[in-house]
Amino acid sequence: MEGFDIVKVSYVKELLLKNVREDGRKLMEFRQIKLATNIIDHAEGSAQIDLGATRVLAAVKLQVEEPMEDTPTQGNLMVSSELLPLAHADFEPGPPSPLSIELSRVVDRGIRAAETIDLSGLFIEEGKAWTAFIDLYVLNYNGNLFDASMMAAMAALASAKIPKYENGEGVYTERNEPLKINRLAASTTFAKVDKTILLDPNMHEENAASARVTIANDGTVVRAMQKGLGGSFSPKEIENLVDVSLSKYDELKKVIEQAAGK
Amino acid sequence: MADKSNRPQLIVDGKRLDGRDLNQLRPLKIEASVLKNADGSAYLEWGNNKVLAAVYGPKEAMPKHVQDPVKAIIKCKYSMAPFSSMGEHSRSGPNRRAIEISKVTREAFESVTMLHDYPASEIDIFIEILQSDGGTRAAGITAAAVAMASAGIHMKDLIYAVSFGKVGEDLILDLNMIEDNYSDCDMPTAVSPRNNDLVLVQMDGSLTREQLHKGLQMVLDAGKTISQVQKEALQRVYEGRENGNGV
C-alpha cells in the first residue's frame, strides 16, 4: 500500500462509522455489474466482467484428455487464475501467489460443490474425456476478485460450446453443442471493517478490512464458504450473512443468464 | 469429493464406520514442547492423524523488506510428508492445496496473536503432517496453537479447529478420510474459544441455513474437549519442569 491508500483506509473507516460508503452504496449492495460473453472466439466459452472497476476475463477451454484414474468415467475441471502485473502495481510477475491460488481454489470449489457442470457428461469414451480448463485473468484489480471471478466463470461456462469429437481429438472448428449447465452458483463476498460488515468491498474497503468471507450458494443451500484475512466473524454473523447471500441469488443469476443469452 | 455412486454406507444405526456417534470426536492426544531446537512445539495424534508443529521466533523478520516496523509478521508452512497418506508416495514440495492451507492457517493465527508486541519481527509456524486421515488442517491448527503457546508467543486466545460435515441429512463431527471423501459437505472451522469467534471458515458441498447453525453448535460443544486437551498438554510441560523433567 502506498501513502495515498493508507489515507484512504482511515477515510473509509471514518465514513463507515456513519454507515456511509466511499462510493455511496448501501452496505449490502453490489457495485454495477457489466457482464459480457463470447469475448475470445478461440475459447470454447468466455466472459468478461466489470464489477465496478474490477475487471476479470474468464475463458473456458475444453481439451480431450485421459480421465483421472480414480474417476474413469468423468471429465475434469481445472481452474487457474492470474493476477496479471498489468492489473495492479502490487501484482508482480512470477509463480502464482497464495492469493491467486486461494482465488482459483475457491472458484473451483464453488463450481464443483454446486455441480454447475456435470463431470460425468464430459466423459466421451473409455480413456477419453473432456477436461474443462477455466482461466481467470484479472485485468484490473479494485477489490472483490472472488465474486467477479465466480460470476465470470459461471457466464463463461454457461456460454461454452463443446467441440466435435473425432478420431480421439476435438475438432475446434466445429463447436455446436452447448456445454450442459446443471445449476448456477452465485458468490457473495463480505468484508468486515471495524464493526461494520459490507458486501462487495472495493479495494479501499478491502485494505481497511480485518476479515473477509465468501459465501457461494445456489438459491437454496450454501455451496461453498471461505474466510480470509486475519480477523474473525461470530457464528451469528456468518449465519446472517448466509441469509443475505441467499437473498442475492436471483439478482446475480439473472445477470449471468442474460449475459450468456439464456 | 469422490464419486458418490459407490459411496459406502457411512452411518449404520446412528453409528459411524469407526464406531463413533455422530457428534463424537476421535481420540485426541497432544504433547507440548517435544522438539529441542524450536522455540515452541507440539506433537498431536488425533484419530490416525499424526502431526508435528513447531514455532520459531519471534525473531528479526528476514528479508528486511518484509519487515513491518510496528508489528510482527507470521509465516506459516503446512506440508504433508510424502509418506503420510494411505496409497501412493506423493510428490514432496508445496502443491496448491498446501499453499492455500498455509495461508488460511496463517490468517487464523494473525487474528489472535498480539503482533504489535513484536515490531519488525517474524514468527514462523511449521506444520508437518506425518500421517493423515482426514481433518489435517484442523489437526495442524490445534497443534500449532499449543506450539505457539509453548513458545511463549503473546496470544489473546488458544485457538482450536475441527470440522463438521454432512452425510445425507445427518451432521457429523470430526470427519475422517473416508467420511471426508464421500460426505455431502465438509466445513473445517477454527475457533477462538474466549468469544467463539470463527478465525477459519471453509466449506464446500451443500448446507442449509439450519444445518449450518447446528453444525457450528456441534463445533463449539466439541471445542470444550479440544481446548481442555490443549491446556492439559501445556500444563504437563510446566509440571514436568517443576519435577526437573522438562525439556
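Determine whether residue A:122 is among the aliphatic types (A, V, I, L, M) and in contact with a helix residue (DSSP H, G or I) (Cβ under 9 Å, 6 or more places away or on another chain).
In short, no.
Collect the residues in the stretch A:98-108 that are more than 8 Å from chain B (Cβ to nearest Cβ) and at pLDDT below 95, keeping them in residue-number order.
Answer for the stretch A:98-108, where residues must be more than 8 Å from chain B (Cβ to nearest Cβ) and at pLDDT below 95: just A:100.
Just one of the numbered conditions (1) in contact with a helix residue (DSSP H, G or I) (Cβ under 6 Å, 6 or more places away or on another chain); (2) within 14 Å of chain A (Cβ to nearest Cβ) is not true of residue B:98: (1). Among the candidates B:206, B:192, B:227, the residue that is within 10 Å of another protein chain (Cβ to nearest Cβ), of a type outside the set (A, V, I, L, M, F, W, C), within 29 Å of residue B:116 (Cβ to Cβ) and open to solvent by less than 30 Å² (accessible area, probe 1.4 Å) is uniquely B:192. Scanning the stretch A:68-97 for residues that are more than 25 Å from residue A:35 (Cα to Cα) and touching a Ser or Thr at 6+ places or on another chain (Cβ under 7 Å) turns up A:73, A:74, A:75, A:76. Applying the set (1) more than 16 Å from residue A:60 (Cβ to Cβ); (2) under 11 Å from the mean Cα position of the chain (by Cα); (3) at pLDDT below 95; (4) of a type in the set (A, V, I, L, M) to residue A:145 leaves exactly one unmet item: (3). Determine, yes or no, whether residue B:183 is more than 17 Å from residue B:222 (Cα to Cα), open to solvent by 10 Å² or more (accessible area, probe 1.4 Å) and out of contact with any Phe, Trp or Tyr (no Cβ under 6 Å at 6 or more places or on another chain). Judged against the criteria, residue B:183 is not a match. Cβ separations smaller than 8 Å between residues 6+ apart or across chains give the following pairs from the stretch B:178-195 residues that are more than 16 Å from residue B:146 (Cβ to Cβ) to residues that are among the hydroxyl-bearing types (Ser, Thr, Tyr) and in a loop (DSSP other than H, G, I, E, B): B:195/A:234. The residues of the stretch A:91-149 that are of a type in the set (Asp, Glu) and within 22 Å of residue A:204 (Cβ to Cβ), listed by number, are A:92, A:102, A:147.
Flag set for residue B:128, criterion: in contact with a strand residue (DSSP E or B) (Cβ under 6 Å, 6 or more places away or on another chain) and more than 12 Å from chain A (Cβ to nearest Cβ). Among the conditions (1) open to solvent by 10 Å² or more (accessible area, probe 1.4 Å); (2) of a type in the set (S, T, N, Q); (3) at negative phi, the only one that residue A:167 does not satisfy is (3).
Pull up the stretch A:217-237, narrow it to residues that are of a type outside the set (Val, Ile, Thr), more than 7 Å from chain B (Cβ to nearest Cβ) and open to solvent by 30 Å² or more (accessible area, probe 1.4 Å), then point me to the one that is farthest from residue A:184 (Cα to Cα). Step by step, filter the stretch A:217-237, then rank; the result is A:236.
Comparison of B:184, B:221 shows that the only residue that is of a type in the set (Asp, Glu) and out of contact with any Lys or Arg (no Cβ under 7 Å at 6 or more places or on another chain) is B:221. Of all residues in the stretch A:84-97, how many are open to solvent by less than 60 Å² (accessible area, probe 1.4 Å) and either within 19 Å of residue B:204 (Cβ to Cβ) or within 14 Å of another protein chain (Cβ to nearest Cβ) (or both)? Going through the stretch A:84-97 one residue at a time, the tally reaches 2. Evaluation of residue B:83 against the conditions (1) of a type outside the set (Asp, Glu); (2) open to solvent by 10 Å² or more (accessible area, probe 1.4 Å); (3) part of a strand (DSSP E or B) shows that the sole unmet condition is (3).
Residue-by-condition table, conditions (1) under 21 Å from residue B:104 (Cβ atoms); (2) charged (D, E, K, R):
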{"site": "B:146", "(1), (2)": "yes, no"}
{"site": "B:149", "(1), (2)": "yes, no"}
{"site": "B:157", "(1), (2)": "yes, yes"}
{"site": "B:168", "(1), (2)": "no, no"}
{"site": "B:175", "(1), (2)": "yes, no"}
{"site": "B:187", "(1), (2)": "yes, no"}
{"site": "B:195", "(1), (2)": "yes, no"}
{"site": "B:209", "(1), (2)": "no, yes"}
{"site": "B:212", "(1), (2)": "yes, no"}
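The values are calculated or read from the model by the stated rules, or taken from the named source; none is laboratory data. Model, not experiment: these values are computed from the prediction. Quick reminder, even Gly has a Cβ in these numbers, built from the backbone with ideal geometry, and neighbours come from all protein chains shown. Calculation scope for accessible area: heavy atoms of the full protein, side chains included, ligands and nucleic acids excluded. Shrake-Rupley method; radii C 1.70, N 1.55, O 1.52, S 1.80 Å.
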